[in-house]
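Encoded as C-alpha cells, the structure appears first; notes follow it.
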Amino acid sequence: MKLSGSIALVTGANRGLGRSLVTALREAGCAKVYAAARRTETLASDGVIEPVQLDITNTEQVTSTAARCGDINILINNAGVAGFTPALGAQTMANARLEMETNYFGTLAMCRAFAPVLKRNGGGALVNVLSVVSWFNAAMQGTYCASKSAESSLTKAVRCELRAQGTLVVGVYAGYIDTDMAAHMWGAEQFSKSSPAEIAARMLAGIENGTEEILTDERAQSVYSALFKDARPFESELQKAWDVYASQR
Ligand SMILES: NC(=O)c1ccc[n+]([C@@H]2O[C@H](COP(=O)([O-])OP(=O)(O)OC[C@H]3O[C@@H](n4cnc5c(N)ncnc54)[C@H](OP(=O)(O)O)[C@@H]3O)[C@@H](O)[C@H]2O)c1
C-alpha cells in the first residue's frame, strides 16, 4: 500500500497518537490528510491537512463525513476512550457503555460508512488502532479491555468481508503509548511507554508493507508470543468459510 499520493482520514486527530499519525502521513507524502476530531480548533489546515469535525458516536456526522471525504483510500480508526474501571468494581456501568459505544460501535459505524468509499477508490486500507489488551483482560481496566477485544474481533470480521474488494484491513496492537490516555492508567509507570511518533512510524511502515496485524512495540511482541502460536492458518480457514458463505448469498 503506497502512502505517497494517498488520501487519508484519521479519527481522534487532535491529540495523542492521532495527532502524530496526521504528521507522519503528511511527511510520508500523502496528498491530503483529513484530521477528524470532535474539537477541531487546535487543528490548522495547510493545503495537505484538512480538519473535519467528527464524533464517531454521532451517526449523522459519520454519514456526512463519508460523503464529504469520499476521496480517501486510507481510513485510520484511532479515536478511543478508556475509563479504566473494573467490570464489577465500578459504581455504575457508565464507562463500560461509553467504551463500547466509542471503541466498538463508533469504529463499526466508521467501517460501515467508509467500506463503499474505499471500494470505489480501488480498495485502499482500513486500519483499526487496537491494543495488547485486545488479547487479555487486566481486571483493573476490565471494561476498556472488553471494548478493545470487541474492536479486535470486529477488525477480523471486516477483514474477511472486505478482502474481495481488495481492502487491506489492518489491526494495530500497541503496548503503552505516552499520551493522555496512558497517563491515567493504573500501574503504567512500571512499563516503558513508546512515543506516539514512534508508534505512528511503525504503523505507517506496516501499512506500506501490507501487514495485516501490526505489533508496534516490544510489549506487544512479548504478550503475543506468551499467548499465541501462529494464528494465520486458522484465520485462513475462517476466510475460506466466509468466502463460501458470501458466494452463496
Ligand atoms: N495510550 C496507550 O497506551 C494506548 C495503548 C494501546 C492502544 N491505544 C489506543 O490508541 C488510540 C489513541 O489513543 P491515545 O493514547 O492517543 O489516547 P488520547 O490521548 O486519550 O486520545 C484519544 C483521542 O480519541 C478521541 N475521541 C474519543 N472519543 C471520541 C469520539 N466519540 N469521537 C471522536 N474522537 C474521539 C479524543 O478526542 P477528544 O480530545 O475530543 O477527547 C482524542 O483525540 C485509542 O484507540 C486507544 O485505545 C492507546
Residue-normalised accessible area of the range 1-89, given per residue in Å² at a 1.4 Å probe: 44 Å²
Inter-label distance for ASP230 and GLN248, nm, one decimal - labels placed 7 Å from Cα along Cα-to-Cβ: 3.0 nm
Expected 222 nm ellipticity per residue - DSSP helices of 4 or more, -39500 (n - 2.57), all of the chain, to 500: -13500 deg cm²/dmol
Rounded, prolate or oblate (a/c below 1.5 giving rounded, otherwise prolate when a/b exceeds b/c) for the chain by Cα gyration tensor: rounded
Tensor-based shape of the range 204-249 (alpha-carbon gyration tensor, a/c under 1.5 rounded, otherwise prolate or oblate): oblate
Per-peptide average of other Cβ atoms within 10 Å, ordering 190-198, 229-237, 165-173 highest first: 165-173, 190-198, 229-237
In Hz, Karplus ³J(HN,Hα) per residue of the range 204-209 (6.51, -1.76, 1.60; θ = phi - 60°; x = Gly, Pro): 5, 4, x, 5, 4, 7
Heavy-atom accessible surface of the range 7-243: percent carbon and sulfur, 1.4 Å: 53 percent
Cα-centre dipole for the chain with unit charges at Cβ (Lys and Arg positive, Asp and Glu negative), debye to 20: 480 debye
Net charge over other residues, Cβ less than 10 angstrom from the Cβ of GLY83 (K, R count +1; D, E count -1): 0
Dipole of the chain, positive end: most advanced residue of PHE136, VAL158, ALA200 [Cβ charges, Cα centre]: VAL158
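The values are calculated or read from the model by the stated rules, or taken from the named source; none is laboratory data. Fair warning: this is a prediction, and the values are worked out from it, not measured in the lab. Every residue, glycine as well, gets a Cβ built from its backbone with ideal geometry; the counts of neighbours run over all protein chains shown. Only protein heavy atoms, including side chains, enter the accessible area calculation; ligands, DNA and RNA are left aside. Shrake-Rupley method; radii C 1.70, N 1.55, O 1.52, S 1.80 Å.
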